[in-house]
Amino acid sequence: MIQRPRGTRDLLPPETRLWLAVETVAREVFASFGGEEIRTPVFEATELFVRSVGEGTDIVHKEMYTFPDRKGRSLTLRPEMTAGVARAWIENRLGDRSQPLRLFYLGPMFRYERMQHGRYRQFSQIGLEIIGADTPLADAELLAAMHEFFVRLGFTDLQIHLNNLGDPEDRARYQEGIRVALTPRRAELCSDCQRRLEENPLRILDCKVPACQVIAADAPGVDDVAGDPSRQHVAGVEAHLQALGIPYVRNRRLVRGLDYYLRTVFEVVSPQLGTNAVLCGGGRYDRLIADLGGPAVPGVGFAIGEDRLVEVLPARFKDAVLARAALYLVPMGAAAENRALELARGWIRGGVPVELEITGRSLKAALKRADRDGFRAVAMLGDDELKAKTVTVRDLAAGNQSAVPFADLPAWWQALPPAREAARPE
Ligand code: ATP
Ligand code: MG
């Protein structure tokens, strides 16, 4: 049997309902903050990621799906979305539009990673970018939209970690500071970090190896060497968050795994996730578009890992989405079968989700299935009902049965109490 490639997943119903619900909330929330959706290609020129994400990063160094196409061009399945958005911004001259642009996206990303729980080779991200504003207020608005999204899903236990990564001018000094602090302990670092010590010492702070994390704790904080402009910027973001009552913690070791970030960087952590606890990462990238050959346009954004998000969705949100609320229409006999689809279409147009019995089950078998699959109600349609232009409906939660005229069915459905209330004993 052919199996799916390592690190990929089949998302099956009913879990796909959770994905759809989460994506619907994302679209609603981000649109209500002025966001518009952007869709870019799933593969891009390899060079784009090398130049933006950065050569010394794990993503570029060892996680990219890179392949030559039939004409020998090097292409890469996108490992993240910000680079593609920046490329699209330049290529489509989005700078000619009124600024800023708030762009959100949803879709699959690809990284060749070691398989672990919560870590896949194809995974999905939901993200938002604000391009064309460099103020602390822009960062705060971005974080407010993100926070609103999590609140809408019912989260109460997520933690926002925030740091100042300084400006690129500070970076060399900071890299040197880490190199000086950690070189004496070089031999204790993992082989990746020994390489990072030469190439990109900052990345050591992001290493997942526990021993490296202990050693990294000796590195100086970025803020200690950052210049005033970045400090003032992040202080401004913090003031806005405090005024909004959005809780966060200052994490001086937070650096993020992509090279284009500067100033504000943040992560959202779920205490419910074990080793791969980071649900969302983001930050400011004021030089990215210029580095890719565009004009000097600032940006700030985040990406939420949807696979991990769905895994820790609050029970209330999940239960509400998973409670099947359809009407099960069971035709009995040939005449009823002939009318059933037309009736169903009318009710569907009236706002009733209708699932028609199409396999020819007997009424007895259909009622059994209705119970097992958790339908809200069953509508039975036989010759008598056809003649009377009524349908016999059974409220499965309350256990009662009545006759409802065809035309009144949508109103009857809307008036049904939620299953849990209907079942409450008097
Ligand atoms: P990690 O530190 O867990 O490797 P990252 O810093 O590489 O994450 P980002 O590039 O910031 O991750 O991506 C944003 C979010 O996307 C992450 O916080 C995570 O929730 C999700 N994500 C990243 N890589 C994967 C993956 N391989 N499988 C599932 N989700 C992922
Ligand atoms: Mg990673």
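The values are calculated or read from the model by the stated rules, or taken from the named source; none is laboratory data. Values in this document were obtained by computation on a predicted structure and should not be read as measured data. Glycine also receives a Cβ, built like all others from the backbone with ideal geometry; neighbour counts cover every protein chain displayed.
Out of R324, R284, I need the residue that is basic (K, R), at negative phi, over 15 Å from the mean Cα position of the chain (by Cα) and modelled with pLDDT under 95. Which one?
R324
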**Q.** Of residues in the stretch 363-405 being in contact (Cβ under 8 Å) with a residue 40 or more places away in the chain and surrounded by fewer than 13 Cβ atoms within 10 Å (Cβ to Cβ), the one farthest from P14 (Cα to Cα)
**A.** D383
Q. Which members of the stretch 58-115 meet the condition of being of a type in the set (F, W, Y) and more than 16 Å from ligand 1 (Cβ to nearest atom)?
A. F67, W89
Q: Kindly indicate whether G84 is of a type outside the set (A, V, I, L, M, F, W, C), surrounded by fewer than 20 Cβ atoms within 10 Å (Cβ to Cβ) and under 24 Å from P295 (Cα atoms).
A: no
Q) In the stretch 85-111, what residues are out of contact with any strand residue (DSSP E or B) (no Cβ under 6 Å at 6 or more places or on another chain) and within 16 Å of ligand 2 (Cβ to nearest atom)? A) R111
Q.
Among the residues in the stretch 46-54, are any closer than 22 Å to R119 by Cβ, within 16 Å of ligand 1 (Cβ to nearest atom), assigned by TED's automatic domain parsing to the domain that holds R114 and in contact with a strand residue (DSSP E or B) (Cβ under 7 Å, 6 or more places away or on another chain)?
A. yes
**Q.** Residue pairs meeting the criteria (Cβ under 8 Å; at least 6 apart or on separate chains; first in the same structural domain as T392 (by TED's automatic domain parsing), in the stretch 332-347; second among the small types (G, A, S) and modelled with pLDDT of 95 or more)
**A.** M332/G382; G333/G382; A336/G382
Q.
Quick check on the stretch 116-130: of everything there that is of a type in the set (A, V, I, L, M, F, W, C) and within 16 Å of the chain's Cα centre (by Cα), which residue is farthest from ligand 1 (Cβ to nearest atom)?
A. L128
Q: Restricting attention to the stretch 136-177, report how many residues are in a helix (DSSP H, G or I) and over 30 Å from T24 (Cα atoms).
A: 10
Q.
With β-branched (V, I, T) and more than 16 Å from ligand 2 (Cβ to nearest atom) as the only criterion, which of T8, T76, T57, T82 stands out?
A. T8
Q) Checking E355 against (1) touching a strand residue (DSSP E or B) at 6+ places or on another chain (Cβ under 6 Å); (2) at pLDDT below 95, which test does it fail? A) (2)
(Q) Given the options A235, A239, A211, name the one that is among the small types (G, A, S), part of a helix (DSSP H, G or I) and touching a helix residue (DSSP H, G or I) at 6+ places or on another chain (Cβ under 7 Å). (A) A211
Q. Is at least one residue of the stretch 409-426 in contact with a Lys or Arg (Cβ under 8 Å, 6 or more places away or on another chain) and farther than 21 Å from A320 by Cα?
A. no
